[in-house]
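The values are calculated or read from the model by the stated rules, or taken from the named source; none is laboratory data. Given the structure is predicted, the values throughout are model-derived calculations rather than measurements. Every residue, glycine among them, receives a Cβ derived from its backbone with ideal geometry; neighbour counts consider all protein chains shown. Each accessible area value is taken on the protein alone, full model and side chains, heavy atoms only, with ligands, DNA and RNA left out. Shrake-Rupley method; radii C 1.70, N 1.55, O 1.52, S 1.80 Å.
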Amino acid sequence: MSCEELQEQYGAYALGTLDRSESGELREHLETNCANCVPGVRKALSLVTVLSGGVELKDPPKRLRKRVLALVNPVVVKGNAWQLGWSLAALLAIMLLAVAIPAKKQAEDTARLEQALSVLNDPAAKDVSFGTAEKPARGRVFVSPTKGVVFIAANLPKLDKGRAFELWTIPANGKPVPQGTFQAEADATAVYVRQGALEQPVAVAVSVEPEGGSAQPTTTPFIVSKIGS
Amino acid sequence: MSGQYDEELARRLQRREPQAMADLYDRFGRLTYSVILAIVRDSGVAEDLVQETFLRVWNRAQAFEPGKGALGPWLLAIARNRAIDYIRSVQSRMDRNSYEFDVREHPSLFVDMEREVLNTDHARVIRAALAKLTDNQRKVIELAYYEGLSQSEMAERLGQPLGTVKTWVRSALQLLREDIGQVVSA
Ligand SMILES: [Zn+2]
């Protein structure tokens, strides 16, 4: 298509309403930095964004400000971590623990927080939530191919003695890769951080295994979440 | 408080000053929340997505050009994309993947454009312009804006030929540009 023909699509593209089959050509064309189309699409995006300014204003709850600020400065927030939301809750839980526990454990937790933040702050990190009415274990997992995995959950099932949870990443070939074992806290929550590069998974899973961990899942995973591409 | 303030704010975000995040939230938090809530209609989900939006801006601020970029529009585009991405995934309509959003919300696109998104006079002009559209034109803009429907999905939903839907979208945007463009440089 010529620039003139593509021009017809600027508005629908900016609005996000072009079908995928249609938008590909314009998108590729924009990547060539076309001197006609890039400013044209900018103008269209500008119009679409200005439309947002017409939305009826609603006041967010006060806690939202704390949640947003805690993303960059978790230490400033105190309070019930689980009320504050998913991605953040874990980090806060670690911080709150750190207040009341011995120095050695505190140092471990601080290190864990830093590891978790390195995953969350990776622009390439993908994340997915899990948990439904039928599957009460709920939470969120973050995967960065270069930094590692952060797994946060609540409502985890009770384990028998000698058993542990094992986290798996499942790459495109379908063979689960073990990412280590962990236990839940007394309140059935867990924050698990596994640092290090890994093959980009298409899904993550958690199963119940013997305490030392297994090379492959020996029970049916009770959490399986697909990771978006 | 507008262009110059936002430029300085963007520079502080790039320096990763936590206080810049606070100022960004104080400036745009309410509008961001309102835009997302209008799309997802669930305050809990909206809170999560506001958090994600600000984290994304924080993480990608390096690619932003403070002198030229329009911080408010960029943030709002990210906010709307997160909300649309959410409702599409909930409704299992994932034919358009997030890669597309990544391209459409790249900071380099948000330069040399109207920066002011918080002006109440503008809000009035925008509502008046939307009110002037025909019912069909307004419907397609709303379906695209608040529900993230593609043109062929709208055609199906409305029982209209795709060509008709495309014409409505194009003419609606044209009219909006004529009305709004006089007040803001859109
Ligand atoms: Zn072109």
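Conditions tested, residue by residue: (1) within 16 Å of the ligand (Cβ to nearest atom); (2) more than 7 Å from chain B (Cβ to nearest Cβ).
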site: A:Q9; (1), (2): yes, yes
site: A:R42; (1), (2): yes, no
site: A:S46; (1), (2): no, no
site: A:T49; (1), (2): no, no
site: A:G53; (1), (2): no, no
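Go through A:L156, A:L198 for me and flag whichever is touching a strand residue (DSSP E or B) at 6+ places or on another chain (Cβ under 7 Å), touching a residue at least 40 places away in the same chain (Cβ under 8 Å) and crowded, with 17+ Cβ neighbours inside 10 Å. So that I can check it myself, show each step before the final result.
Values: A:L156 fails: touching a residue at least 40 places away in the same chain (Cβ under 8 Å).
One residue alone meets the criteria, A:L198.
Where strands (runs of 3 or more DSSP E) sit wholly within region A:153-207, those with at least 2 residues that are modelled with pLDDT under 85 occupy A:190-195. In the set (1) open to solvent by 30 Å² or more (accessible area, probe 1.4 Å); (2) part of a loop (DSSP other than H, G, I, E, B); (3) within 11 Å of the ligand (Cβ to nearest atom), A:E4 fails one condition alone, (2).
Here A:E166 meets each of (1) surrounded by fewer than 23 Cβ atoms within 10 Å (Cβ to Cβ); (2) over 14 Å from A:Q200 (Cβ atoms); (3) of a type outside the set (S, T, Y); (4) touching an Asp or Glu at 6+ places or on another chain (Cβ under 9 Å) with one exception, condition (1). Among the residues of region B:123-132, those that are within 19 Å of B:R170 (Cβ to Cβ) and open to solvent by 10 Å² or more (accessible area, probe 1.4 Å) comprise B:L130, B:K132. Among the conditions (1) surrounded by fewer than 18 Cβ atoms within 10 Å (Cβ to Cβ); (2) closer than 16 Å to A:D127 by Cα, A:V191 misses just one, which is (1). Please verify whether B:E65 is surrounded by fewer than 24 Cβ atoms within 10 Å (Cβ to Cβ), touching a helix residue (DSSP H, G or I) at 6+ places or on another chain (Cβ under 9 Å) and closer than 18 Å to B:R104 by Cβ, treating the condition exactly as stated. When the stated conditions are applied, B:E65 passes them. Within region A:12-26, work out how many residues are modelled with pLDDT of 85 or more and either within 10 Å of the ligand (Cβ to nearest atom) or not small (G, A, S) (or both). Residues flagged as modelled with pLDDT of 85 or more and either within 10 Å of the ligand (Cβ to nearest atom) or not small (G, A, S) (or both) within region A:12-26 amount to 6.
Could you say whether any residue in region A:73-95 is more than 15 Å from the ligand (Cβ to nearest atom), over 28 Å from A:S129 (Cα atoms), modelled with pLDDT under 50 and open to solvent by less than 80 Å² (accessible area, probe 1.4 Å)? Walk me through it before giving the result.
First pass over region A:73-95, keeping only residues more than 15 Å from the ligand (Cβ to nearest atom): A:73-95.
Add one more test, that the residue is over 28 Å from A:S129 (Cα atoms), and what stays is none.
The answer is no; no qualifying residue exists.
Of the residues making up region A:52-68, those that are open to solvent by less than 30 Å² (accessible area, probe 1.4 Å), part of a helix (DSSP H, G or I) and at pLDDT 85 or above are A:L64, A:V68. Taking region B:72-186 and the helices (runs of 4 or more DSSP H) fully enclosed by it, the elements with 3 or more residues that are touching a helix residue (DSSP H, G or I) at 6+ places or on another chain (Cβ under 9 Å) and at pLDDT 90 or above are at B:120-132, B:135-147, B:151-158, B:162-181.
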